[in-house]
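The values are calculated or read from the model by the stated rules, or taken from the named source; none is laboratory data. Note that this is a predicted model, so its numbers are computed, not measured. Positions of Cβ are generated from backbone atoms using ideal geometry, with glycine treated the same way; all protein chains shown enter the neighbour counts.
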Amino acid sequence: MKIGRSNLAALIEKLAASGRRVVAPKDQGSYTDFGEIQKLAEADLSRVTTRMSIKQFFFPITEPILTFAISGNETILEQTAASEPQPTVIFGSRPCDAASLPILDEVFAWDYEDQFYLRRRAVTTVISISCTDCDDSCFCTALGLAPNSTDGSDLLLTPIADGEYLAEPCSDKGTRLAAEHAELFHDGDADKQAACGAALDRLPKPMDLDAIKAWLDEHFDDDFWAEASFKCIGCGACTYVCPTCHCFDIVDEADGEHGVRRKNWDSCQFGQFTRHASGHNPRPDSASRWRQRLMHKFKYYPERFSMRLCVGCGRCIRACPVQMNITEQLKRIEDMSGADGNAR
């Protein structure tokens, strides 16, 4: 199907008027970030991507999970209302962001079903827009994705000529949304690859991810980790902007006889993340913490879920204050694995 820009504007207004929260990239000056919109004109689709990912709409930076109160010798617990999340449409996410959702689904519905995440996921529809450009930090193609991948999207829009978009339903949610507003869509087709040609020409070639994992399998203790992490200052920015990083901490915040238990984003790059109550820390330095980051994304997660914990969005590269570059490090590991697949 196709949809013109004027009809797309009408779609956004109809969705907002239906009681659903519509969020999209919004201009924040030197960057864009997701925020609520009522009209298409409020969205800024001019930049390659947003500063933060759509992860925050499923797994918030901080959220209460229960409240507690002490009354005499009794402690009263009350669950928070995670059962009624607001129906949401995420408009204008990039395919790399959308591709993070099937990855996160695995861990949040694994040995324990996280209802806070799953209920938000159930009432959120993702309308992604294919990339027609990229920057030097983007590397989705190195990981087997593409600027027009459908993974995780409910409806994928690809910009084509004359202010029109190719509209591709990718899930039951996307099919239902298009059916509900069928008058705004019309039959048509276009060359999806050609529309993303400029981005595809600049993006890197696929990496040998199996060779990278084979090297990681055999090099837990390697001088490479100290060298690779030398510049790291442990700020955790890479994990916070990452659409697939999902570490969190649970803390009790008490005020007298009342309090709240909260779930907060955390980071494996923080020095105290693995510190034991005894004072022992199994990851005492930046080398062991940086090793954990790469091992988790390209060894541990694939072993458990058969999916890599990275979508190549490049946010970690853009956000790093000391210019650490995960793509360059993966290429280095690929080179060290040897052209014939034999790790050094």
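A few comments on the model shown:
- Those residues of the stretch 31-42 which are closer than 19 Å to residue 134 by Cα and over 17 Å from the mean Cα position of the chain (by Cα), in sequence order: 31
- Scanning the stretch 219-249 for residues that are over 15 Å from residue 335 (Cβ atoms) and part of a helix (DSSP H, G or I) returns 225, 226, 237, 238, 239, 240, 241.
- Restricted to the stretch 103-126, and to residues there that are under 27 Å from residue 40 (Cα atoms) and touching a residue at least 40 places away in the same chain (Cβ under 8 Å), the residue that is surrounded by the most Cβ atoms within 10 Å (Cβ to Cβ) is 126.
- Residue selected from the stretch 178-237 under the condition touching a strand residue (DSSP E or B) at 6+ places or on another chain (Cβ under 8 Å) and of a type outside the set (D, E, K, R), by the criterion nearest to residue 11 (Cα to Cα): 184
- When residues of the stretch 26-46 are limited to those that are surrounded by 14 or more Cβ atoms within 10 Å (Cβ to Cβ) and among the hydroxyl-bearing types (Ser, Thr, Tyr), the one farthest from residue 5 (Cα to Cα): 31
- Criterion: under 27 Å from residue 44 (Cβ atoms), basic (Lys, Arg) and touching a residue at least 60 places away in the same chain (Cβ under 8 Å) - qualifying residue of 213, 192, 173, 205: 192
This table checks each residue for (1) at pLDDT below 95; (2) of a type outside the set (Ser, Thr, Tyr); (3) at negative phi; (4) out of contact with any Pro (no Cβ under 8 Å at 6 or more places or on another chain).
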position: 183; (1), (2), (3), (4): no, yes, yes, yes
position: 194; (1), (2), (3), (4): yes, yes, yes, yes
position: 209; (1), (2), (3), (4): no, yes, yes, yes
position: 213; (1), (2), (3), (4): no, yes, yes, no
position: 217; (1), (2), (3), (4): no, yes, yes, yes
position: 221; (1), (2), (3), (4): no, yes, yes, yes
position: 245; (1), (2), (3), (4): no, yes, yes, yes
position: 257; (1), (2), (3), (4): yes, yes, yes, yes
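- The stretch 155-203 holds helices (runs of 4 or more DSSP H) entirely within its bounds, and those carrying 3 or more residues that are buried (at least 19 other Cβ atoms within 10 Å of the Cβ) and not acidic (Asp, Glu) map to 172-180.
Quick grid of which residues meet (1) in contact with a Leu (Cβ under 9 Å, 6 or more places away or on another chain); (2) surrounded by fewer than 12 Cβ atoms within 10 Å (Cβ to Cβ); (3) of a type outside the set (A, V, I, L, M, F, W, C):
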site	(1), (2), (3)
207	yes, no, no
221	no, yes, yes
231	no, no, yes
265	no, no, no
290	no, no, no
293	no, no, yes
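- All conditions in (1) farther than 22 Å from residue 314 by Cβ; (2) in contact with a Phe, Trp or Tyr (Cβ under 9 Å, 6 or more places away or on another chain); (3) among the basic types (Lys, Arg) hold for residue 51, with the sole exception of (1).
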